[in-house]
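**Q** I have a structure here, written as structure tokens, and I will follow up with some questions on it.
The values are calculated or read from the model by the stated rules, or taken from the named source; none is laboratory data. Quantities reported herein were computed from a predicted structural model and do not represent experimental measurements. Note that each Cβ is placed from the backbone with ideal geometry, even for glycine, and that neighbours are counted across all protein chains shown. Protein only, heavy atoms only, side chains kept; ligands, DNA and RNA dropped before computing areas. Shrake-Rupley method; radii C 1.70, N 1.55, O 1.52, S 1.80 Å.
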Amino acid sequence: MNTHDPETNVMRTLLVEAPPDAVWKALTDPELARLYMGARPSFDLRPGRPLQWFVREQNGDRTLVAKGTLLAAHPGERLRYTTYNLNGPLPDEPASHTTVDLHLIPDGPGTRVEFWQGDFAGLPNAPRLTREAGNLWVERLVGLKRVSEEVWQAKAA
């Protein structure tokens, strides 16, 4: 497994004009995360515990759209988990789950977010799945930046 192969791994870096604790809040507060993830996460920040993402239907019902397992949670530093999209083309088996790693690094008055998702190697259509995940995460990371900066501005006001 080559975690740096851009054909089968998504790697992004984002600069956020807010400190790591504001970014962490945007990552781990379910109502804030819903704003840019498109689904509300439900989780316990203890390694080995399940993560689930729900969307609210027009009739008020909640629908599970993705799931995973928390691998690491270091407040203000790192969030790492496995993920599986229930609406995707792959069977729900361990080989179909990928890992998401968000590393928060202080950068002057802000935060550098180093994002990685992979490894898609070995999955059918790995390069296409990698591109699709990369495109989706561009939108999500821009949303994370916006929400984190709003959290920080509200706190500073």
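**Q** Please go through (1) in a loop (DSSP other than H, G, I, E, B); (2) open to solvent by 70 Å² or more (accessible area, probe 1.4 Å); (3) among the aromatic types (Phe, Trp, Tyr) for residue 152 and return the number of the only condition it doesn't satisfy.
**A** The one condition residue 152 does not meet is (1).
**Q** Here's a follow-up. What number of residues within the range 1-25 are β-branched (Val, Ile, Thr) and surrounded by 16 or more Cβ atoms within 10 Å (Cβ to Cβ)?
**A** Total satisfying the criteria: 4.
**Q** Return the pair list, or none, for Cβ contacts closer than 6 Å from residues in the range 24-45 that are closer than 17 Å to residue 149 by Cα and of a type outside the set (S, T, N, Q) to residues that are outside any helix (DSSP H, G or I) and open to solvent by 30 Å² or more (accessible area, probe 1.4 Å), at least 6 apart or on different chains.
**A** 24/75; 30/40; 34/40
**Q** Across the range 44-55, which residue is nearest to residue 76 (Cα to Cα) among those that are among the hydrophobic types (A, V, I, L, M, F, W, C) and more than 13 Å from the chain's Cα centre (by Cα)?
**A** The residue in question is 45.
**Q** Moving on. Would you be able to say whether some residue in the range 95-107 is of a type in the set (D, E, K, R) and within 22 Å of residue 5 (Cβ to Cβ)?
**A** yes
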